[in-house]
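Read through the structure below, which is laid out as structure tokens, and then see the notes.
The values are calculated or read from the model by the stated rules, or taken from the named source; none is laboratory data. No experiment lies behind these values; they were computed from the predicted model shown. Cβ atoms come from the backbone with ideal geometry, glycine included; neighbour counts cover every protein chain shown.
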């Protein structure tokens, strides 16, 4: 009988009569001594049996918070980047192109670019009046309504004043 | 199990730290008094047909953001006018439009409607500056610009 078994057999807290305890001990005690090698073999088998599933269980326990952490971080990153003004790059690029067009966009040569320059260009195009090569503001090889729009957008730009 | 709890607490704390400022900001926006209202811009060119206009609208008092721009009432200016998209969500905008057709408005006509988001209790004040009002020949003509407030919750 091992120490643990003896411990439980002699536990005074069970409140059993000594005679009853002795009877139980005799009834369930092994009929022959168990060799230490058998104890070791049982312990080893138990370790092999329960060892792997415990590792798997450990992995499973960590998989949940790891996945949750990844999801939270991904969500935060997505929110952060979608909330930030990502479209500014395109707008800045367009604004730069317009800034380049601004000096030549003064079609009526009154010293400022306003809607009258776009209006004048539109009238030239619609009336087939002669146009200048420098009026191709968007650089597509044509002088058309898109160039009129470019001039009009220069006219209403906030950073140019009125 | 302890490690699981500790890690969960750390992650939760991290998430709260990252999200709290935005959530707090969003809730402040909801809590503050915000209303939406249009302002109508009228131009009176007298007896001369109006072919082109350009003006600047500036908010001089109040917490106002421009959220949209609509065209005018006359067919010639029904389409949305030109404006800088960067003006949206700001308190200043330059608006312009023209029409090369023959059917042009005369007299007092609504040339544009600007939609605003107004926050706080201060009644907004605006400044209008007309820079171009031209007739069909492209020449500037005398005109008067005016603003009318609309209210919509």
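Structural remarks
- Residue check for residue B:128: at pLDDT 95 or above and within 12 Å of chain A (Cβ to nearest Cβ): yes
- Condition met for residue A:150 (more than 14 Å from chain B (Cβ to nearest Cβ), within 48 Å of the chain's Cα centre (by Cα) and part of a helix (DSSP H, G or I)): no
- For the stretch B:52-80, the tally of residues that are in a helix (DSSP H, G or I) and loosely packed, with under 15 Cβ neighbours inside 10 Å stands at 1.
- Residue satisfying all of: in the stretch A:125-137; touching a residue at least 12 places away in the same chain (Cβ under 8 Å) and outside any loop (DSSP other than H, G, I, E, B); farthest from the other protein chains (Cβ to nearest Cβ) among these: A:134
- Enumeration of residues in the stretch B:82-101 that are touching a helix residue (DSSP H, G or I) at 6+ places or on another chain (Cβ under 9 Å) and outside any strand (DSSP E or B): B:84, B:85, B:86, B:87, B:90, B:99, B:100, B:101
- Residue B:87 satisfies every condition listed in (1) free of Cβ contacts under 8 Å to residues at least 24 places away in the same chain; (2) closer than 15 Å to residue B:51 by Cβ except (2).
- For the stretch B:89-110, the set of residues classified as under 24 Å from residue A:124 (Cα atoms) and either buried (at least 20 other Cβ atoms within 10 Å of the Cβ) or under 19 Å from the mean Cα position of the chain (by Cα) (or both) consists of B:95, B:96, B:97, B:98, B:99, B:104, B:105, listed by residue number.
- Test: residue in the stretch B:95-117 that is modelled with pLDDT under 90 and more than 12 Å from chain A (Cβ to nearest Cβ): no
- So residue B:83, is it closer than 24 Å to residue A:119 by Cα, surrounded by 15 or more Cβ atoms within 10 Å (Cβ to Cβ), at pLDDT 95 or above and within 14 Å of chain A (Cβ to nearest Cβ): yes
- The listed residues are A:116, A:73, A:121, and the only one of them that is closer than 19 Å to residue A:156 by Cα, modelled with pLDDT of 85 or more, in a helix (DSSP H, G or I) and at the interface with chain B (Cβ under 9 Å from one of its Cβ atoms) turns out to be A:116.
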